[in-house]
Amino acid sequence: VIPGWFSEISPMWPGEAHSLEVKEILFEGKSDFQDVLVFQSATYGKVLVLDGVIQVTERDECAYQEMITHLPLCSIPNPQKVLVIGGGDGGVLREVARHTSVKQIDICEIDQMVIDVAKKFFPNIAVGFEDPRVRLFVGDGAVFLKEVSDGFYDAVIVDSSDPIGPAQQLFETPFFESLARVLRPGGVVCTQAESVWLHMHIIKDIFSACRKTFKGSVKYAWTSVPTYPSGVIGFMLFTILRCILQHFAYLNLLAKLWTLRFCFLLGGQVQRTNQHRV
Ligand code: AAT
């Protein structure tokens, strides 16, 4: 450990640690769930750290918050009811609020201290809480989902910390089953899904849990965030297919398109034959 520098050391990335020069420690606390630290860095603005792991820096937070939000919300038409799990800094809320179709934004963050610290030190991120469509629930996201009725949300964004600590349950099969239950057919889920350079085993586990749980498509996306381990972070996106009748409607549409295509071909043929005659 270099004096005057913060190093992100964790068993989740053994043998390597990204470091930032610390200008000033602004806050140090211990909540019921985790150690909370805020410091002024030399090059990335203010930094929020939970249990020794960087969650947000002022300089590169946009790369993560925009991707985890707009990938899912731009992938379905007209999202209206959105749930955020985790994300107590408010950055994902800020991005969700930019979607005019959205009417209700619920957030379930486990740690009130994260919310308070974000409001005090990261006003440009915590501004997300000020949108009138936001309803805040402080509690465990996995427990919260149990109270939600079936098919309630159009989109769920799981902006969670790593699977060591309070977010562990958010990477396990029962949680994915709850997500599948609260999502409406045609809805979409996007979860924080770690780095391809460091966590292939976690990614594979999430992928296979989702494949079993979601009768729809499961896709992985990633973006570059310099202050996250290995400089990249990924997302697992899953959708639930609409009901079986809608499958038939889709097949019906395909059949019609083929018939149309056939008619065009035939029409072209007839035209050509006629031209030939002329
Ligand atoms: N947008 C900031 C990025 C984060 S913050 C992750 C948030 O998830 C934290 O505020 C944490 O308190 C919250 N959280 C953890 N467990 C739970 C839970 N069970 N229920 C609800 N909220 C929870 C993610 C940074 C990713 C870092 C990658 N290395």
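The values are calculated or read from the model by the stated rules, or taken from the named source; none is laboratory data. The model shown is predicted, which means the values in this text are computed figures rather than measured ones. Using ideal geometry, Cβ is built from the backbone for each residue, glycine included, and neighbour counts are taken over all protein chains shown. Note: accessible area is taken over every heavy atom of the protein model, side chains too, but ligands, DNA and RNA are not part of it. Shrake-Rupley method; radii C 1.70, N 1.55, O 1.52, S 1.80 Å.
Points to keep in mind about this one:
- The chain: angle of helix 244-277 to the longest principal axis, Cα-based, in degrees nearest 10: 50
- Three principal axis lengths of the chain [C-alpha, angstrom, descending]: 90, 41, 35
- Counted over the chain, the DSSP beta bridges are approximately 60% antiparallel.
- Of all the options V53, V156, V143, the one that moves most in a Gaussian network model of the chain with Cα springs shorter than 10 angstrom is V143.
- Under a model in which nothing but the beta-carbon of Lys, Arg (+1) and Asp, Glu (-1) is charged, region 1-62 shows a dipole of about 120 debye around its Cα centre.
- For region 85-203, the solvent-accessible area with a 1.4 angstrom probe is 39 square angstrom per residue.
- Helix 61-73 and the long axis of the chain differ in direction by around 30°, with both axes built from C-alpha atoms.
- With all protein chains modelled, accessible area of F171 [1.4 Å, Å²]: 30
- Max-minus-min Cα coordinates of region 1-160 on each principal axis give 51, 31, 28 Å, with the largest extent listed first.
- Of the residues G165, G91, G15, the one that moves most in a GNM of the chain with alpha-carbon contacts below 10 Å is G15.
- Contact order normalised by residue count of the chain, Cα under 8 Å, 6+ apart, percent: 14
- Shown for the chain: the carbon plus sulfur share of the solvent-accessible area, taken with all protein chains present and a 1.4 angstrom probe, equals 59%.
- In the context of the full protein assembly, V22 retains an accessible surface of approximately 30 Å², using a probe radius of 1.4 Å and ignoring ligands and nucleic acids.
- In terms of Cα atoms, the Rg and Dmax of region 83-139 work out to 10.3, 31 Å.
- Within the listed set G151, G234, G87, the residue fluctuating most in the Gaussian network model of the chain (springs between alpha-carbon atoms under 10 angstrom) is G151.
- Its Cα centre serving as origin, the chain has a Cβ charge dipole (Lys and Arg +1, Asp and Glu -1) of approximately 2160 debye.
- Computed lengthening from D205 to S31, 0.36 nm per intervening residue step minus Cα-Cα distance: 59.7 nm
- Projecting the Cα atoms of V182, L241, V127 onto the dipole axis of the chain, where Lys and Arg carry +1 and Asp and Glu carry -1 at the beta carbon, places L241 farthest toward the positive end.
- Between K212 and F137, the modelled labels are 2.5 nm apart [label points 7 Å from Cα along Cα→Cβ].
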